Amino acid sequence: MANIITRQIPNTITCCNLISGCIAVSYAFAGQQTMALAFIILGAVFDFFDGMSARLLKVSSPIGKELDSLADDVTFGVAPATMVFTLLWEMKYPAQLDGLRGILPYFAFLIAAFSALRLAKFNLDERQTTSFIGLPTPANALFWGSLIVGGGARLEHSVYALPAILALIILSCWLLVAEVPMFALKFKQWGWRGNEVKYIFIISCIPLLVFLRVSAFAVIIAWYVILSIWVNRKA
């Protein structure tokens with residue numbers, strides 16, 4: 001009996017991630033963006049612990065891997081896409097684009113589609129054991145959630161925000177599946193040598209969090225992408 005229960009612990013945690021993503025979607029559709037972001041973050045916590053529990057309990061399974069990808073696409077793909085959809089539906093449009101108000105918001109769901117592609121590639125790519133190729137879906141979700149919660153009011157009332165958001169959707173979709181190496185915050189040892197980039201990144205994030213608060217996460221993810229590209233510029 002104990003073995004049966006133990007084997008189900010990681011999948012149960014993964015299902016909690018999936019449920020968190022579903023709740024985030026419901027809040028996003030209702031326009032409660034702060035709560036949507038909160039449940040995306042909660043889903044990320046469950047996502048961290050499902051993999052850890054599977055490794056500790058040594059109960060990894062193919063079904064767990066598939067379930068994890070499904071949960072991640074809901075929490076880190078569909079949920080942020082719904083937040084962007086709601087923003088595009090409510091924001092101010094330039095006069096020449098106002099006729100597209102009923103069409104352009106659906107452009108946001110490209111984020112969900114490319115997140116699914118990113119997760120499928122990750123499952124098959126054996127190069128991503130110690131680093132990433134392309135932007136991880138949780139980072140992309142955190143970028144959009146932070147941007148919308150931290151700057152949603154300004155974005156809704158700016159006529160210049162619409163083309164910027166559409167451009168960012170295209171850029172983030174490309175980054176999800178691009179062959180761009182990105183470092184992971186995984187430490188084999190805690191010394192400075194070999195971990196310089198990771199420590200620089202962590203230290204530089206502290207003042208951003210202090211001064212920018214929620215909006216800091218959007219800036220941090222952008223900084224993470226830029227730093228990853230700079231570090232691997234000669235690769």
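The values are calculated or read from the model by the stated rules, or taken from the named source; none is laboratory data. Everything numeric in this text was worked out from a predicted model, so none of it was measured. Protein only, heavy atoms only, side chains kept; ligands, DNA and RNA dropped before computing areas. Shrake-Rupley method; radii C 1.70, N 1.55, O 1.52, S 1.80 Å.
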Return a whole-number percent for the relative contact order of the range 1-124, with Cα pairs under 8 Å and 6 or more residues apart as the contact set. 30 percent
Accessible area per residue of the chain at 1.4 Å probe, in Å²? 54 Å²
Projected area averaged over orientations for the range 174-235, convex hull of C-alpha atoms, nm²: 5.1 nm²
If you take the Cα Rg of the range 12-138 and divide it by 2.2 N^0.38 Å, with N the number of residues, what do you get? 1.18
What's the extension gain from Phe29 to Ser61 if we count 0.36 nm per residue and subtract their Cα-Cα distance? 8.1 nm
Given H placed 1.01 Å from N in the peptide plane, which residues other than close sequence neighbours of Val180 have an amide H under 5 Å from its amide H? Gly134
In units of 2.2 N^0.38 Å, the Cα radius of gyration of the chain is 1.06
Full-extension gain in nm, Gln189 to Leu171, via 0.36 nm per residue minus C-alpha separation: 3.1 nm
Report, to the nearest whole %, how much of the accessible area of the chain belongs to carbon and sulfur atoms, 1.4 Å probe, protein only. 71 percent
Within the chain, which DSSP H helices have Cα atoms that stretch 30 Å or more along the helix axis and a mean Kyte-Doolittle hydropathy of at least 0.5? 2-29, 33-57
